């Protein structure tokens, strides 16, 4: 087996890969949520001075990247790669948002698991000695996602109780082989898991088995004790998906309830903000990681975190054709 | 994961675990809001008739006015709030039909007047028109044949 590979799904990062800076910008609704103090900027309206939702999402990525770059004290010339992706068709938020950056670019699509996917690849690239600094970022935009995946915003329809609210926001982390910051130690890459859920308004339930599978794979491959993590956090399962994931793990003998949470269940106030099962979207896990988790780790309040971003790999076409939803979850182990 | 659930078992497990829609509450809200819209329509018809408009014209004018009101409320970003509260109560009346045409027209304005507004305007109402008109044609043919 390749020397850095320690199991079916997991690799151990052997050279230091540090998160030297992180930045997150969110929309107005996220800015009213319980995590509002952890974000770098809260935009006032969802168009943010642009002519379309898609342009606004591109701007989110552009500005978030600029903030992370600035915080790391780097110039664009020092960044060897940008790895980015989003939910829009052909990843236009990333492609258009970063087209002026003039940095070698890898576009990735992992639906809402994109943040962990880009960090996984970025860590491998740095550990492999192919780069010194890699920026990993992603975004989602409520209005642009609704337009592409569901109904027009002004249509007077009701959302089912299992639905989730796409986060408007962009998160970016700068990975480097120098400097200070939490280290990425392990990467567990998810498999595509489809347990037959067809309801695009119940993505938490569709993704929960993928999250559970990756978490189990991580502990099986590494032999790390679950207790050594302060926080095991999934990306956007929401309230229902989080409960299911927790139960699936318990049924397989893994008890993590006391240290388990979900970004989608944390980012909004469930009772006050009328978002049903919680937040979703690439931006959901990205801004919680770049804001809440990163700041807590820098203060030493969190020491070991397993970040498991979850993605539903569906398209409007597959939904209309009655297909079930294949899902994925990628895990990144972060330690100070 | 397949070790503890087959796909069918998992789908059943999720169905049983998922929060259910509050049916009684939704029905009550739909009844109230739908009733208010229809009563408003009746008031307009009565008012028009009282001013001497013939019955058939009054009905057509009422539909016209309600469509305009539905379109206006959509443009003012109010109709989606009503819809979130009322559900079918604001979808079924003709104001909901106006909403289903105006809302995609607004949404796809950014793709221009031809490929955006023009092409996408009937993305929701289109099936209603296709099957509504088809059904009425079939009903018309049956009615015609039955007369012989």
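The values are calculated or read from the model by the stated rules, or taken from the named source; none is laboratory data. These numbers come from a predicted model, not from an experiment. Here the Cβ positions follow ideal geometry from the backbone for every residue, glycine too, while neighbour counts run over all protein chains shown.
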- Could we say that residue A:201 is within 14 Å of another protein chain (Cβ to nearest Cβ) and outside any helix (DSSP H, G or I) here? yes
- Taking the range A:219-229, which residues are surrounded by fewer than 20 Cβ atoms within 10 Å (Cβ to Cβ) and assigned to a loop (DSSP other than H, G, I, E, B)? A:223, A:224, A:225
- Message: As an exercise: evaluate residue A:236 against (1) closer than 17 Å to residue A:188 by Cβ; (2) in contact (Cβ under 8 Å) with a residue 40 or more places away in the chain; (3) buried (at least 23 other Cβ atoms within 10 Å of the Cβ) and give the number of the one condition it does not meet.
- Response: (1)
- Query: Within the range A:40-141, which helices (runs of 4 or more DSSP H) (wholly inside it) include 1 or more residues that are at pLDDT 95 or above and closer than 26 Å to residue A:13 by Cα?
  - Reply: A:53-72, A:114-127
- residue A:66 passes all but one of the listed conditions (1) in contact with a helix residue (DSSP H, G or I) (Cβ under 6 Å, 6 or more places away or on another chain); (2) under 24 Å from residue A:107 (Cβ atoms); (3) surrounded by fewer than 19 Cβ atoms within 10 Å (Cβ to Cβ); the exception is number (1)
- Query: In the range A:198-218, what residues are under 24 Å from residue A:159 (Cα atoms) and surrounded by 24 or more Cβ atoms within 10 Å (Cβ to Cβ)?
  - Reply: A:202, A:203, A:204, A:205, A:206, A:207, A:208, A:209
- Task: Only residues that are surrounded by 12 or more Cβ atoms within 10 Å (Cβ to Cβ) and within 21 Å of residue A:177 (Cα to Cα): list them for the range A:1-14, please.
- Result: A:4, A:5, A:10, A:11, A:12, A:13
- Task: Please give the number of the condition residue A:165 fails out of (1) more than 9 Å from every other protein chain (Cβ to nearest Cβ); (2) free of Cβ contacts under 8 Å to residues at least 60 places away in the same chain; (3) under 21 Å from residue A:317 (Cα atoms).
- Result: (2)
- Any helices (runs of 4 or more DSSP H) falling wholly within the range B:31-148 and containing at least 2 residues that are more than 14 Å from chain A (Cβ to nearest Cβ): B:55-75, B:125-146
- What residue, among those in the range A:157-196 that are in a loop (DSSP other than H, G, I, E, B), crowded, with 24+ Cβ neighbours inside 10 Å and in the same structural domain as residue A:267 (by TED's automatic domain parsing), is farthest from the chain's Cα centre (by Cα)? A:195
- Taking the residues in the range B:17-30 that are part of a helix (DSSP H, G or I) and within 13 Å of chain A (Cβ to nearest Cβ) as candidates, determine which candidate is surrounded by the fewest Cβ atoms within 10 Å (Cβ to Cβ). B:23
